[in-house]
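Single-structure report; data block below.
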Amino acid sequence: MKHIQSRDNPLFKSLKRLAESGRERRKTGQTLLDGVHLVEAYELACGPVATLVVAESKVAEGEIASYVAGRESVVLADSLMRDLGLVDTPSGLLAVVDMPPRVAALDHRQDAVLLDGIQDPGNVGTLLRTAAAAGVKQVLLAPGCAAVWSPKVLRAGQGAHFVLALHEEADLGAFLADYQGTTAVTCLDGATSLYEATWTTPLAWVFGAEGLGVRPELIAAARLKIRIPMPGNVESLNVGAAAAICLFEALRRKLAQL
């Protein structure tokens, strides 16, 4: 195993650039994954990773040691692993991977999730994971959303990236205008209870950032305005929780028709 102890090492510098710069990720076509589960999910869906990097303290024993045993990897000093700032609590294993090819074509006849202005990486990753779990195959992200292939979004997504068609910098209004199904948005004014609303499939949901919500022009473009009944004494739900309620209610109805 190659050991890296210096911040001046070229590989460490390249890892640092990938960790911090969306421009570097776009230029190289690579990103970083943190944790055994995420690396396993990538290899199952996309094939071998480009480089495995393990923290010095994780080489001798434990899950990570077992995972890298017999595999070519680079050992990074613990202090350097922390300096990468990849995620808040690094696992001690990261991988350099080639990002899957971008999906060029939008499908206007398939279920979809549209994200508008959601900047928190944890929320974006959670939304991707929830969409994938509910059986949705494509997600569109408007300009201003957190970078979908950033390490923190990948960590929160827990492998969802590798089973979804992801479209960044998407024109959500144009997609809604051409969509061949029901379009729905969560909002308050003039909205129908989720449990009383009716719709036909396919179904495209629009979810917006907490605080600002979905842009008015997108609310106007959606056919259904949906609110989630909240009899408890709270003002709102986290966008990830709201999306999970909506997507799994839609799934429940779909399964009931089988």
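Please go through segment 45-103 and write out the GluC sites (Glu not before Pro) that DSSP classes as loop and that have at most 15 other C-beta atoms within 10 Å.
Glu61, Glu72
Tally Lys and Arg at +1 and Asp and Glu at -1 over the other residues with C-beta under 12 Å from the C-beta of Tyr195: what net charge comes out?
+1
Find, to one decimal place in angstroms, the Kirkwood hydrodynamic radius of segment 37-158, where the mean of 1/r is taken over every pair of different Cα atoms and then inverted.
Taking every pair of different Cα atoms in segment 37-158, averaging 1/r and inverting gives 16.1 Å.
Loop only by DSSP, 12 or fewer other Cβ within 10 Å of the Cβ. Give me the trypsin sites (Lys or Arg not before Pro) in segment 93-153 that pass, ordered by residue number.
Answer in residue order: Arg102, Arg109.
Quick one: dipole size for segment 57-205, taken about the Cα centre, charges +1 on Lys/Arg Cβ and -1 on Asp/Glu Cβ, in debye to the nearest 20.
320 debye
May I ask which residue of Gly157, Leu194, Gly208 lies farthest towards the positive end of the charge dipole of segment 146-218, with charges of +1 (Lys, Arg) and -1 (Asp, Glu) on Cβ and the Cα centre as origin?
Checked the options; the winner is Gly157.
Given charges of +1 on the Cβ of Lys and Arg and -1 on the Cβ of Asp and Glu, with all other atoms neutral, how large is the dipole of segment 1-87 about its Cα centre, in debye to the nearest 20?
520 debye
Check which residues have an amide H placed less than 5 Å from Thr51's amide H, if you skip close sequence neighbours.
Amide H neighbours of Thr51: Val96.
Putting +1 on Lys and Arg Cβ atoms and -1 on Asp and Glu Cβ atoms, find which of Ala104, Ser73, Ala170 reaches farthest to the positive end of the dipole of segment 72-218.
Of Ala104, Ser73, Ala170, it is Ser73.
Per 5 Å bin, what is the whole-percent P(r) computed from every C-alpha pair distance within segment 147-252?
With a bin width of 5 Å, the distribution comes to 2, 10, 20, 23, 21, 15, 8, 2.
Nearest 20 debye, what's the magnitude of the dipole of segment 75-140 about its Cα centre given +1 on Lys and Arg Cβ and -1 on Asp and Glu Cβ?
240 debye
What is the local net charge at Val163, summed over the other residues whose Cβ is closer than 11 Å to its Cβ (Lys, Arg +1; Asp, Glu -1)?
Once all neighbours under 11 Å are counted, the net charge is +2.
Using +1 at the Cβ of each Lys and Arg and -1 at the Cβ of each Asp and Glu in segment 39-162, identify which of Leu141, Thr51, Asn123 lies farthest towards the dipole's positive end.
Leu141
Could you compute the net charge surrounding Val103? Neighbours are other residues with a C-beta less than 11 Å from the C-beta of Val103; K and R count +1, D and E count -1.
Overall, the nearby charge balance is 0.
Please state, rounded to one decimal and in Å, the Kirkwood hydrodynamic radius that the chain gives when every pair of distinct Cα atoms enters the mean of 1/r.
Taking every pair of different Cα atoms in the chain, averaging 1/r and inverting gives 19.7 Å.
Where a number appears in this text, it was derived from the coordinates with a stated rule and is not lab data. Just so we're clear, the structure is a prediction, and the values are computed from it rather than from any experiment. Using ideal geometry, Cβ is built from the backbone for each residue, glycine included, and neighbour counts are taken over all protein chains shown.
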